[in-house]
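A quick write-up on the structure given underneath.
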Amino acid sequence: MARVAVITAPNIGYRNTGMLTVDLAFESLRRRMGGAVDANWYTLHLPETVELREGAKGTDFPFRFRSLFDHLDELREHDAVVFWGDFLHARHYMEQDATNRLLDFGFAEDRDIARAQLHRTLLLSDQPDELLSRTLSYGGTILHNTQSDLEDKEYGPLFTRLMTRSHRVWMREPLSAAKIAHLRRDPATEYFGSDAALLSRPGDLGHLPATEWSRQVPDGGAIGVFLGARSTIPDWLPGLCRKVSDRFGAPLEWLPWFDRDIPAQAGDIAARPGTPTVGDLLGVLPRYRLIITDTYHLAVNAWGTGTPVLCVGAPEPVPTTHDDYLTLSQVKKHVFHLAYDAADFYLTTAPDTAQGHERRLDRLVQLVEGGGADAVAARIREHADRSATAFTGTLASLLGLS
C-alpha cells in the first residue's frame, strides 16, 4: 500500500468545523481511491493540545495527527507528501498566526526562531529536492502574498523553491492560481482547484455520528443563521434577516457552527436545544432553505450541499500589527463568490439605503426560487468534481497506482 504524508493546518480542539471538513475531504478521496493509499497525518499543533470541543468528543475521526515538529524527517519515508488546504504557505500566516502560536505554546523563544521552524516544517527548507518532486499541494491560498513577500530574503527563495519544484499545485481560488502560474512560468496548466472541503461529495460524510438534532428541521424548511464570528453585525442586519424569513416563509434558526453564544446583536433567533455533533452540523446543511453567515467555510460547505448562502462580509480593514490576521480577511469570502458568478449572494455590511436592501432581497428571492441558486451550486459542484478527479489521478500516477 502506498504511504502518503498529509500536512494540514492545526485545528486545536477541533474547534473549527470548517477546517474539519477540509481534513475529512482527504479521507473521502482516499476511500474513493479504493483503499490503495495509507495516510499519515501531520500538523503543527495536535488537536488535543486543548480540550476538544463538546460536539467533537467521542467521534472516531479517520485521522490521528502527529506533531510535524517532532516527526518532520518521517516525511522522507513516504511515497508522497500532500500539503492540504488553508494558508500554510502564505507569508502572512507564518508572520502572524503561526508565529504567535509557537510563541504562545512555548515552541520558540522569539519570532526569528519561530520563523526558522516554520520554514523547516511548512516550506521544507532542509529537505532535498527529491522529496519536493513527490510533493503535492492542494487547496491552499496565497491570496495576500505580494511582491515584497517574494523579495524577502528568507521566505522568498524558500517559497519559490517549494512552489516551482513540487510535483503539482492546486490553489483554492483563481487569484492564487494565477500567481502560481506566473511563478512556475506555466500558464497552460490548471492551477485553480476548489476549496478542499468541496471534494467530499454529498453522502461522503454519512459515516460521522449524528443525532436527532439534525433531523428536526421545521416542516417547510428553515433558514440557518450564524453571524458575528467573522464580521461585526450592523444594526440593520437582524431586520433584513427577518425580512428574508418572511419572504421565504421559513423561520430563522441559529446554526452553532462554532461553540459560542448567540451574540445579542444578531437579534431574536431561536437555538434548537441540545449539543449537535460535527455530523449533525454537516448533515443539517442540505435540509436548510437558505443559510445566512459571515463564516467562510460554512458558506463553502453549504454551497457544496446545494444550499444557497447569503454571505455577509465587512469592508476590508488594513492590517497594522502581527495580530491583524489576514487568514481572517473578508476578501476570501468575496473572491469565492466572485469565482462562481455568485456575487449576487454576497452582502457587504457597508451602509446602504432601505431601497438598496429591498432590491437585493428581491434579487435573492428571484434567484433562489427561479433556479439561479441551483445554477451556482451546480457550477461549484462540477468544478469540485473535476478538480477531485485531477488530484486523485495525479496522486495515483505519482504513487504508481495507475
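The values are calculated or read from the model by the stated rules, or taken from the named source; none is laboratory data. Note that the coordinates shown come from a computational prediction; the quantities given were computed from them, not determined experimentally. All Cβ positions, even for glycine, are placed from backbone atoms using ideal geometry, and neighbour counts span all protein chains on display. For the accessible areas, the whole protein counts, side chains as well, though only heavy atoms, and no ligand, DNA or RNA atoms are used. Shrake-Rupley method; radii C 1.70, N 1.55, O 1.52, S 1.80 Å.
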>> Quick check on Leu367: is it farther than 30 Å from Leu227 by Cβ, of a type outside the set (Ser, Thr, Tyr) and surrounded by 15 or more Cβ atoms within 10 Å (Cβ to Cβ)?
In response: no
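For residues that are part of a loop (DSSP other than H, G, I, E, B) and within 15 Å of the chain's Cα centre (by Cα), tally how many sit in region 169-217.
Matching residues across region 169-217 total 6.
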> Restricting the search to region 143-154, which residues are more than 24 Å from the chain's Cα centre (by Cα) and in a helix (DSSP H, G or I)?
Replying inline: Gln147, Ser148, Leu150
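Condition (residue is of a type outside the set (S, T, N, Q), crowded, with 17+ Cβ neighbours inside 10 Å and over 18 Å from Val312 (Cβ atoms)) applied to region 235-243: is it met by at least one residue?
no
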>> Among the numbered criteria (1) more than 30 Å from Met163 (Cβ to Cβ); (2) modelled with pLDDT of 95 or more; (3) in a loop (DSSP other than H, G, I, E, B), which one does Val225 miss?
In response: (3)
> Out of curiosity, is Ala90 touching a Leu at 6+ places or on another chain (Cβ under 8 Å), open to solvent by 20 Å² or more (accessible area, probe 1.4 Å) and among the small types (Gly, Ala, Ser)?
Replying inline: no
> Considering region 1-14 alone, what residues qualify as being at pLDDT 95 or above and farther than 15 Å from Thr43 by Cα?
Replying inline: Ala2, Arg3
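Hey, among Glu54, Glu48, Glu77, which residue is touching a strand residue (DSSP E or B) at 6+ places or on another chain (Cβ under 9 Å), open to solvent by 70 Å² or more (accessible area, probe 1.4 Å) and over 17 Å from Val4 (Cα atoms)?
Values: Glu54 fails: touching a strand residue (DSSP E or B) at 6+ places or on another chain (Cβ under 9 Å); Glu77 fails: over 17 Å from Val4 (Cα atoms).
Residue meeting the stated conditions: Glu48.
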> Restricting attention to region 135-168, and to residues there that are within 18 Å of Arg120 (Cβ to Cβ) and touching a residue at least 60 places away in the same chain (Cβ under 8 Å), which single residue is surrounded by the fewest Cβ atoms within 10 Å (Cβ to Cβ)?
Replying inline: Asp152
> Of all residues in region 15-37, which are more than 30 Å from Arg260 (Cα to Cα) and open to solvent by 10 Å² or more (accessible area, probe 1.4 Å)?
Replying inline: Arg30, Arg31, Arg32, Met33, Gly34, Gly35, Ala36
>> Which count do you get for residues in region 371-402 that are assigned to a helix (DSSP H, G or I) and open to solvent by 70 Å² or more (accessible area, probe 1.4 Å)?
In response: 6
> So which pairs qualify, if the first residue must be in region 108-130 and open to solvent by 70 Å² or more (accessible area, probe 1.4 Å), the second must be in a loop (DSSP other than H, G, I, E, B), the Cβ gap must be under 7 Å, and the two must be at least 6 apart or on different chains?
Replying inline: Arg120/Asp126
